[in-house]
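The values are calculated or read from the model by the stated rules, or taken from the named source; none is laboratory data. On a predicted model such as this, the values are computed, not experimentally measured, just so you know. Counting neighbours? That spans all protein chains shown, and the Cβs are built from the backbone with ideal geometry, glycine included. Keep in mind that these areas ignore ligands, DNA and RNA; they rest on the heavy atoms of the full protein, side chains included. Shrake-Rupley method; radii C 1.70, N 1.55, O 1.52, S 1.80 Å.
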Amino acid sequence: MKLSRRNFLKITGLGSASALAPRLLLAADASDSADDIISVFLRGAADGLNIIPPHGDSDYYRLRPGLAIAPPGNEQGALDLDGFFGFHPGMVALLPLYQSGELAVIHACGSPSPSHSHFEAQDLMERGLTGNSGSFSGWLGRYLDYRMDDSFSVFHALGMGNAAPRTLAHDASTIAMNRIEDFSLLVPEAQKAETEALLQALYAGDSPLENGARDTLAAVDTLAAADPAQYPPQNGATYPDTGFGAQLQAVGQLIRADVGVRATALSLGGWDTHQGESATLDNLLPELAQSLAAFHTDMGTEMDRITLVTMTEFGRRAYENGSAGTDHGHASFMLTLGGNVNGGRVYHDWPGLRDQDLYGKGDLQVSTDYRNVLGELIDKRTPGMPMELLFPDFDQLQFAGIYT
């Protein structure tokens with residue numbers, strides 16, 4: 001059988017990110033009991049004002065007379081959290097986790113960057129920067145580089161999707177996959193040993209491509225030996241029958257299979273609600289909330305060492321537009337879930353929604369930089385990591401006690 005670099009990705013079926021990533025030391029047992037961090041990016045600019053409606057602020061209803069979520073107690077009204085903020089009714093699956101103190105909400109948060117470009121704002125947030133100059137790596141990738149030692153397995157960084165996300169870009173390999181069952185050599189079983197031997201010989205050098213290819217082959221072997229399919233959802237967890245639900249279920253299987261996952265990044269898109277926002281949120285929010293709740297149930301006591309955090313590139317304009325939607329805005333919200341979270345609270349420095357309080361053309365002000373939320377998480381998980389390594393252009397971190 002003749003193989004070339006051109007058809008390596010076709011044969012493995014693994015996606016370009018995993019095969020082209022830089023080298024990872026493959027020493028060490030994959031088994032690891034260290035903490036896991038999961039980053040969920042809500043791509044498209046999720047509307048924090050309707051997902052976490054400030055029903056105690058009368059200006060919210062002034063600015064959104066047709067789009068605002070009704071106050072608690074009304075039909076399809078907000079699910080009250082603290083007397084001022086609530087959940088959109090589509091978030092009901094997360095209410096018990098908030099009430100039990102395992103889920104926290106951070107409002108009026110985001111990036112200080114004024115960009116309203118999805119691509120630019122996502123790229124900057126995933127890199128943990130406010131300007132286009134600076135590090136290519138992602139904020140979570142830099143955390144991994146700081147923690148890196150010989151105990152890290154080839155599966156230490158996991159990106160769910162077609163390619164490894166910028167969030168996880170770092171000095172070692174990131175494994176990218178859509179589905180566990182597709183992460184294998186796409187050849188008949190009888191030819192797998194021969195194919196793998198030929199690939200190992202083909203990529204015997206020390207270039208980034210060759211090192212990354214060997215890491216990918218090692219990941220195939222690791223996954224086959226661990227057999228994550230033997231770990232169906234536990235504790236009665238039922239994931240939504242959606243792509244995002246399936247990806248979170250796969251993350252749970254890989255964690256339970258103990259292949260050495262340290263950090264995971266995945267995305268849920270579709271949040272660009274210029275028109276027909278109510279219908280969009282009615283569809284997306286149950287998928288998000290039910291998936292996160294199912295993952296929490298599935299993991300059980302494993303959640304004591306897992307922290308999951310959501311973010312979005314920017315929010316939506318404070319006032320509704322003429323198409324029953326909202327245009328690109330500024331501040332939005334974050335969620336953080338896990339056993340080390342001081343939950344049951346909405347963390348905020350509420351800037352208000354009066355006309356004089358709005359930012360730019362009419363946006364909710366960013367009063368909490370998202371890097372404070374992520375920086376506190378990393379500081380708690382890895383005491384002593386210099387924050388200037390994590391966020392090279394941010395030196396004003398202020399922690400709010402979100403994590404224990």
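Remarks
- Candidate set: segment 128-147, residues that are touching a residue at least 40 places away in the same chain (Cβ under 8 Å) and open to solvent by 10 Å² or more (accessible area, probe 1.4 Å); chosen: the one farthest from ARG262 (Cα to Cα): GLY131
- Condition check for GLY260: at pLDDT below 95 and either out of contact with any Lys or Arg (no Cβ under 8 Å at 6 or more places or on another chain) or buried (at least 22 other Cβ atoms within 10 Å of the Cβ) (or both): yes
- When the strands (runs of 3 or more DSSP E) confined to segment 92-190 are screened for residues that are closer than 30 Å to LEU81 by Cα, those reaching at least 2 such residues are found at 103-110.
- Set side by side, the residues ALA176, ALA164, ALA157, ALA169 differ, and just one is without any contact (Cβ under 8 Å) to a residue 60 or more places away in the chain, touching a helix residue (DSSP H, G or I) at 6+ places or on another chain (Cβ under 8 Å) and more than 22 Å from ALA331 (Cα to Cα), which is ALA169.
Yes/no per residue for (1) touching a Lys or Arg at 6+ places or on another chain (Cβ under 8 Å); (2) at pLDDT below 90:
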| position | (1), (2) |
| --- | --- |
| PHE119 | no, no |
| GLY131 | no, yes |
| ARG142 | no, no |
| HIS170 | yes, no |
| ASP182 | no, yes |
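- Among the criteria (1) open to solvent by less than 10 Å² (accessible area, probe 1.4 Å); (2) of a type outside the set (Phe, Trp, Tyr); (3) modelled with pLDDT of 95 or more, the one LEU24 does not fulfil is (3).
- Of all residues making up segment 320-336, the number that are surrounded by 23 or more Cβ atoms within 10 Å (Cβ to Cβ), assigned to a loop (DSSP other than H, G, I, E, B) and touching a helix residue (DSSP H, G or I) at 6+ places or on another chain (Cβ under 9 Å): 3
- Qualifying positions in segment 235-257 - outside any helix (DSSP H, G or I), open to solvent by 20 Å² or more (accessible area, probe 1.4 Å) and in contact with a helix residue (DSSP H, G or I) (Cβ under 7 Å, 6 or more places away or on another chain): ASN235, GLY236, THR238, TYR239, PRO240, THR242
- Only one of ALA229, ALA265, ALA279, ALA224 that is surrounded by fewer than 18 Cβ atoms within 10 Å (Cβ to Cβ), at pLDDT 95 or above and of a type outside the set (Val, Ile, Thr): ALA279
- The number of residues in segment 282-300 being over 27 Å from ALA257 (Cβ atoms) and either crowded, with 18+ Cβ neighbours inside 10 Å or under 16 Å from the mean Cα position of the chain (by Cα) (or both) comes to 3.
- Residue satisfying all of: in segment 33-78; within 24 Å of the chain's Cα centre (by Cα) and open to solvent by 30 Å² or more (accessible area, probe 1.4 Å); modelled with the lowest pLDDT among these: SER33
- Top-ranked residue in segment 301-319 [being farther than 30 Å from ARG64 by Cβ and open to solvent by 30 Å² or more (accessible area, probe 1.4 Å); ranked as nearest to the chain's Cα centre (by Cα)]: ARG305
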